[in-house]
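Have a look at the structure below before the remarks.
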Amino acid sequence: MEHIRTPKVEQVKLLDRFSNKSVIGTLHLTATHLIFVESNSTSAQEIWILHHHIASVEKLSLTTSGCPLLIQCRNFRLVHFVIPRERDCHDIYSSLLRLLRPVSYDELYAFSYNPKQNDQQREEGWQLIDLAAEFERMGVPCDQWQLTDVNREYKVCETYPRDLYVPITASKPIIVGSSRFRSKGRFPVLTYFYQEKKAAVCRCSQPLSGFSARCLEDEHMLQAISKANHNSRYVYVMDTRPKLNALANRAAGKGYENEDNYSNIRFQFVGIENIHVMRGSLQKLLEVVGTRSLSMTDYLVGLENSGWLRHIKAIMDAAIFLAKAVTVEGASVLVHCSDGWDRTAQVCALGSLLMDPYYRTIKGFMVLIEKDWISFGHKFADRCDQLDPDPKEVSPIFTQFLECVWQLTEQFPQAFEFSEWFLIQIHEHVHSCQFGNFLGNSQRQREVLQLKERTYSLWAHLLSEKQNYLNPVYSPSFAESHPVLEPSTQACHFKFWRNMYHQYDRSMHPRQSILKQVLTFKESNRELEGTVQALKTKLQKFGVSTSPLKPQTPPRERSLPPRPQSLILGAPLLSRKEVQQEEDEEVFGEEAREDAPASTDGERTVEGSSATENGYGELTGSFGSKNEPAVVTLEFGVARMTC
Amino acid sequence: MEFAELIKTPRVDGVVLHRPFMPTVEGTLCLTGHHLILSSRQDNTEELWLLHANIDSTEKRFVGSLGTIIVKCKDLRVIQLDIPGMEECLNIASSIEALSTLDSVSLMYPFFYRPLFEVIEDGWQSFAPEESFRDLESMTDEWRLSEVNKDFSVCPSYPSLLTVPKDIDDESLCKAASFRHGGRFPVLSYYHKKNGMVMMRAAQPLTGTNGRRCKEDEKLINATLCAGKRGYIIDTRTIAVAQQAKARGGGFEQEANYPQWRRIHKAIERSNVLQDSLIKLVEACNDQSHSMDRWLSKLEASNWQSNVKEILTTACLAAQCIDREGASVLVHGTEGTDSTLQVTSLAQIILDPACRTIRGFEALIEREWLQAGHPFHQRCAQSAYSNGKPRSEAPVFLLFLDCVWQILRQFPCSFQFNENLLIMLFEHAYTSQFGTFLGNCVAERGKLQLSQKTVSLWSWVNRPQELERFLNPLYEPNNLVIWPSVAPQSLLLWEGVFLRWNRSTKCLDEAYQEMVHIIEYNKELQNKVNSLRRQLAQLETEDKMVADLK
């Protein structure tokens, strides 16, 4: 608290990012949040901004109405305050500068956050995800793969977890030898096992091959991986970097596998750009979409120039390649990049999600993140700028993964148990530092920090609000008909994720939400089913026998008829049923999932929509326009749960 | 003329049909006067019935004696027919070519089509101007129905009955008409019940280079203003374009002569530019290369989304003037038959909840497009694949439908109809078995005797069996003005039309079905609960009566 000089400023103006609207309110600064409370309004909006979410604070030059303060958040919120007195502004500014740069882990919100749970509940929360059980689910250990204790003390690789799975033929000397030949000691280990074909997805970092170095143990290691799979004679080695980057690494004594030295490998570059390119790309994207009165041309050109969707597609293409190699060819695949914790995590996680329907459920998705991202040492602290920032280390690698999943939910609306709000909420908390899961860079560091004893798990929290994140049209039977997802990679299917990057820019969202509506119907269906049961019980007391309730699954044809042709105009021989098929075109697509379900802060109905907030044109001040009703920000659950 | 003369080879066996995302079909190809039919000998296999009029262009290729015809349709579909035999293939190709480019309207399929359904309500009679005037009369007595254009001599593209200010006599109307392009003098388009403001539409005034004026025109539009009120003239052209129009005898309203009006210029593209935009867009959508950058630049270069944004913005502006500023509005561009109608009809969808019902939307299209004289026959003669030099083709109506779709997406619960209705209208505007979209204006339709010789699209759509698939299960009527967002991030590509044939929609269709099912199940449960409650209440009263008797 010693950093807060001015805890409260009144008469602060909050400017809307895209229109000329503004509201007046009071700004509060607490140890954890910056809070804006709108005054003089019946439905006063509150904005809670966690200090950890703040990426940058900027004090702009003084204007007649006061001192502007621009705050940019990692969850893509951008707020623009105007504070009447410069001194207040400066106090808030300098306090924030200090508060948003915590110097030690102890200062992070997770260590002070208390959701009023006892120790047992906290412990249960941490036990929700059990990776040993997950490998068991995949069918590991088995006759070809075993658990090794070589990294029990983090001696071989300190950024890997303690428990690692390797081929049974990979002896300890081979493992240790191989780890010495790999960047940061990250030797090839199992991350996903495709039981049906006994094919494995393994991950590692780049070999220290330089121009000519080789390592027999490493070659043995790959041989062992190859031998563990009888279905295929070769192993794919996917280097997820562009070839040029890999070549450049050779000069530094690193590089990629030489096909001549490794028997039976098929080497492949994939061409996903590095963290610096990704960081720059997102920055460009945000600049473009943050422009006021953006024209369609500038938007599309900017979207293209940012390269963002191209990168998303590159990751998706790589994951599809991986999934095809494993499921179609039955080949094992070894994935690496440079250090094997960014692109490798993206490709392994997304590839597994394409292959295994379990990862498309709420629980399974948590397991996937826990496995491929948290346990294998994606450097969340560095990439998400949690502490002691090195701007060169920050990069939206995990955000890209979430976006890839979102792109898939758009193509397969029934495949995922969760809606996009689940993804957005996870993104929110990767940066919030409110829960322990994503703190630190590796499992070892997390143990040192005693996170399980001192903080709470996000997964327990998300599961407790599960109903908010459900996808109402999710169909578990979809997994049976589509165990492996085969998304289209046509460029036109990659779309801008408005609800992520404009989450807080309410004026851009649809004013009514199909997702919310359908969720409400589903909830209502559940209640009505209960009511029907209760009424029947009562009726039975009167001696009336009632027929059992019809099951919800309709006797409807599950598989639709083949794609209908349209405009068979006037075909006299057509039966009516066929004509019916003609026009059955999609309306679901992206509309399906537009809005936060059951957002607590006011209904986002049509009443909220207004002409002026959209800024159609040059009417301002002409005949004196009327005031618009207060606008409620879209803050799905954030304010509620952080207080 | 006999169609038979044009059909050299009426039938070929062993033809293979390729369509994207569908299994190939082998069968017999037949040509009739209006259809291309492909029928396989197996049962349960789909047949292809394609109207020749739906064919936009064809290409032929030969590999040995196997010929291939690629048929590109006005609904943007592309199919491929493999025809064994060079001569057969050439004959078929030339027949298709001839049959799909017949010039005479009276040879079109609607004149030959006989419905297999019973016409319960004749769509030709469904939306009489008198009827909408009766609605207007119940709200205000400021307007009258004029028969000045009874014989279409004052304005050939207007209908015979027009709603005009009560205080303006027919003689003044004639004078005002002579001052407006094509005789399209200002008429009522929409009356906003909430505040009594109106939207009118017209064509450009013929001020010319020397600033001609017309007292009757000024009086006519001033008559629509309340005392002391001002109004807005929304010119759909940029000021530069409007200036240029002066040289050709057109122009815009001078402030000095219309002091009570404020002019706003917007930039909706002219029709030939729009046609080019459509062609480029469809080309981008059909590009099978999977490069991200190419897609985005091609999408951008087509300018289609910019056109959508501009039209929608102008419509929102008109609606804003009326609803928020409490001012009346006059909309015009050059001819008043294209961008003007886009703006007036979209503004009504934003302002008037009635236009968001199926019936109301049909009435809107009838009123603001068909009777208002949008030249459908010219605009929809060719679509995106046409090889020929475009004459007056332009996707003006398709852009309007796209804009409606954008609003529908943003307010998915405010429309009684769903996307299917919009796609259906797009298809029928370009080619149809119904007569509704034939001709360019009311006068032409009268001459063609469409209402006697053809079936109206509305006769078919409004049958309960057909209506079902156009209903939006999420519809909850609301009486509010709906303001869409026009930010580029909020406007999407209309995949239902432009990517329709380039993707598999199975997953999306199934998800939609699931949503429909959830909503239907809800209704079912509610009925069940109600009937159980009634039953219970009845039993309880009976029980009580028995107890009382005891």
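The listed residues are B:Val546, B:Val529, and the only one of them that is of a type in the set (A, V, I, L, M), over 24 Å from B:Leu425 (Cα atoms), facing chain A (nearest Cβ under 7 Å) and surrounded by fewer than 19 Cβ atoms within 10 Å (Cβ to Cβ) turns out to be B:Val529.
Count of the range A:338-370 residues, restricted to those that are in a helix (DSSP H, G or I), surrounded by fewer than 23 Cβ atoms within 10 Å (Cβ to Cβ) and not hydrophobic (A, V, I, L, M, F, W, C), is 5. Take the residues in the range A:160-170 that are in contact (Cβ under 8 Å) with a residue 60 or more places away in the chain and in contact with a helix residue (DSSP H, G or I) (Cβ under 6 Å, 6 or more places away or on another chain), then tell me which one is farthest from A:Gln223 (Cα to Cα). If we take residues in the range A:160-170 being in contact (Cβ under 8 Å) with a residue 60 or more places away in the chain and in contact with a helix residue (DSSP H, G or I) (Cβ under 6 Å, 6 or more places away or on another chain), then A:Pro161 is farthest from A:Gln223 (Cα to Cα). Of A:Ser232, A:Ser226, all but one fail to be in contact with a strand residue (DSSP E or B) (Cβ under 6 Å, 6 or more places away or on another chain) and over 19 Å from A:Cys157 (Cα atoms); the exception is A:Ser226.
Of all residues in the range A:401-451, those being in contact with a Gly (Cβ under 8 Å, 6 or more places away or on another chain) and small (Gly, Ala, Ser) number 1. Selection within the range B:36-57: residues that are more than 7 Å from chain A (Cβ to nearest Cβ) and touching a residue at least 40 places away in the same chain (Cβ under 8 Å). The member of this set that is farthest from the chain's Cα centre (by Cα) is B:Leu38. Determine whether A:Gln283 is among the polar types (S, T, N, Q), more than 13 Å from chain B (Cβ to nearest Cβ) and closer than 27 Å to A:Leu78 by Cβ. Spelling it out, A:Gln283 is indeed among the polar types (S, T, N, Q), more than 13 Å from chain B (Cβ to nearest Cβ) and closer than 27 Å to A:Leu78 by Cβ. Within the range A:479-495, can you find the residues that are facing chain B (nearest Cβ under 8 Å), modelled with pLDDT under 95 and either buried (at least 22 other Cβ atoms within 10 Å of the Cβ) or assigned to a helix (DSSP H, G or I) (or both)? If the condition is that a residue be facing chain B (nearest Cβ under 8 Å), modelled with pLDDT under 95 and either buried (at least 22 other Cβ atoms within 10 Å of the Cβ) or assigned to a helix (DSSP H, G or I) (or both), then A:Ala491, A:Cys492, A:His493 are the ones that fit.
Suppose the filter is surrounded by fewer than 21 Cβ atoms within 10 Å (Cβ to Cβ), more than 16 Å from the chain's Cα centre (by Cα) and in contact (Cβ under 8 Å) with a residue 24 or more places away in the chain; does A:Gln450 pass it? Spelling it out, it is not the case that A:Gln450 is surrounded by fewer than 21 Cβ atoms within 10 Å (Cβ to Cβ), more than 16 Å from the chain's Cα centre (by Cα) and in contact (Cβ under 8 Å) with a residue 24 or more places away in the chain.
Of all residues being touching a strand residue (DSSP E or B) at 6+ places or on another chain (Cβ under 7 Å) and assigned to a helix (DSSP H, G or I) in the range A:429-472, which is farthest from A:Thr399 (Cα to Cα)? Just the residue, please. It comes out as A:Tyr469.
Residues are listed down the side, and each one gets a yes or a no for (1) among the hydroxyl-bearing types (Ser, Thr, Tyr); (2) touching a helix residue (DSSP H, G or I) at 6+ places or on another chain (Cβ under 8 Å); (3) modelled with pLDDT of 95 or more:
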position: A:Ser178; (1), (2), (3): yes, yes, yes
position: A:Phe181; (1), (2), (3): no, yes, yes
position: A:Thr191; (1), (2), (3): yes, yes, yes
position: A:Cys202; (1), (2), (3): no, yes, yes
position: A:Asn249; (1), (2), (3): no, no, no
position: A:Ser263; (1), (2), (3): yes, yes, no
position: A:Ile272; (1), (2), (3): no, yes, yes
position: A:Ser281; (1), (2), (3): yes, yes, yes
position: A:Leu285; (1), (2), (3): no, yes, yes
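Of everything in the range A:484-534 that is aliphatic (A, V, I, L, M), in contact (Cβ under 8 Å) with a residue 40 or more places away in the chain and out of contact with any Pro (no Cβ under 7 Å at 6 or more places or on another chain), the residue that is nearest to A:Leu286 (Cα to Cα) is A:Met500. Answer with yes or no whether A:Pro572 is more than 8 Å from chain B (Cβ to nearest Cβ) and modelled with pLDDT under 90. Criteria not met by A:Pro572. If you go through the range B:105-155 and pick out every residue that is farther than 30 Å from B:Arg463 by Cβ, of a type outside the set (D, E, K, R) and in contact (Cβ under 8 Å) with a residue 24 or more places away in the chain, you end up with 8. Scanning the range A:152-180 for residues that are of a type in the set (A, V, I, L, M, F, W, C) and either buried (at least 20 other Cβ atoms within 10 Å of the Cβ) or not assigned by the TED database to the domain that holds A:Thr327 (or both) turns up A:Val156, A:Cys157, A:Leu164, A:Val166, A:Ala170, A:Ile174, A:Ile175.
Checking each residue in the range A:501-533 for being within 9 Å of another protein chain (Cβ to nearest Cβ) and of a type in the set (A, V, I, L, M, F, W, C) picks out A:Met508, A:Ile514, A:Val518, A:Phe521, A:Leu528, A:Val532. From the list B:Ala242, B:Ala203, the one residue that fits, being part of a helix (DSSP H, G or I) and under 28 Å from the mean Cα position of the chain (by Cα), is B:Ala242.
Of all the listed residues (A:Glu273, A:Glu287, A:Glu257), the sole one being touching a Phe, Trp or Tyr at 6+ places or on another chain (Cβ under 7 Å) and without any contact (Cβ under 8 Å) to a residue 60 or more places away in the chain is A:Glu257.
Only a single item in (1) in contact with a helix residue (DSSP H, G or I) (Cβ under 7 Å, 6 or more places away or on another chain); (2) surrounded by 15 or more Cβ atoms within 10 Å (Cβ to Cβ) is not met by B:Phe62, and it is number (2).
A:Val140 - would you say it is assigned by the TED database to the domain that holds A:Gly255, free of Cβ contacts under 8 Å to residues at least 40 places away in the same chain, crowded, with 19+ Cβ neighbours inside 10 Å and touching a strand residue (DSSP E or B) at 6+ places or on another chain (Cβ under 9 Å)? No. Of the residues making up the range B:244-266, at least one is closer than 26 Å to B:Phe397 by Cα, among the aliphatic types (A, V, I, L, M), away from every other protein chain (no Cβ under 14 Å) and touching a residue at least 12 places away in the same chain (Cβ under 8 Å). May I ask you to list the residues in the range A:286-297 that are surrounded by fewer than 16 Cβ atoms within 10 Å (Cβ to Cβ), more than 28 Å from A:Glu393 (Cα to Cα) and either at the interface with chain B (Cβ under 9 Å from one of its Cβ atoms) or in contact with a Gly (Cβ under 8 Å, 6 or more places away or on another chain) (or both)? The answer is A:Ser293, A:Ser295, A:Thr297. Enumerate the helices (runs of 4 or more DSSP H) found wholly within the range B:444-543, keeping only those where 2 or more residues are among the aromatic types (Phe, Trp, Tyr) and farther than 30 Å from B:Leu299 by Cα. Once the helices (runs of 4 or more DSSP H) in the range B:444-543 are filtered for at least 2 residues that are among the aromatic types (Phe, Trp, Tyr) and farther than 30 Å from B:Leu299 by Cα, what remains is B:457-461.
For the range A:496-523, residues that are farther than 24 Å from B:Leu408 by Cβ and not in a loop (DSSP other than H, G, I, E, B) total 1. Listed conditions (1) more than 7 Å from chain A (Cβ to nearest Cβ); (2) more than 22 Å from B:Tyr430 (Cα to Cα); (3) at pLDDT 95 or above are all met by B:Pro464, apart from (3). Whether a residue is surrounded by fewer than 17 Cβ atoms within 10 Å (Cβ to Cβ) and touching a residue at least 60 places away in the same chain (Cβ under 8 Å) was assessed, and A:Arg98 passes this test.
The values are calculated or read from the model by the stated rules, or taken from the named source; none is laboratory data. Worth saying up front: this structure is predicted, and the values here are computed from it rather than measured. Here the Cβ is made from the backbone with ideal geometry for all residues, glycine too, and neighbour counts use every protein chain on show.
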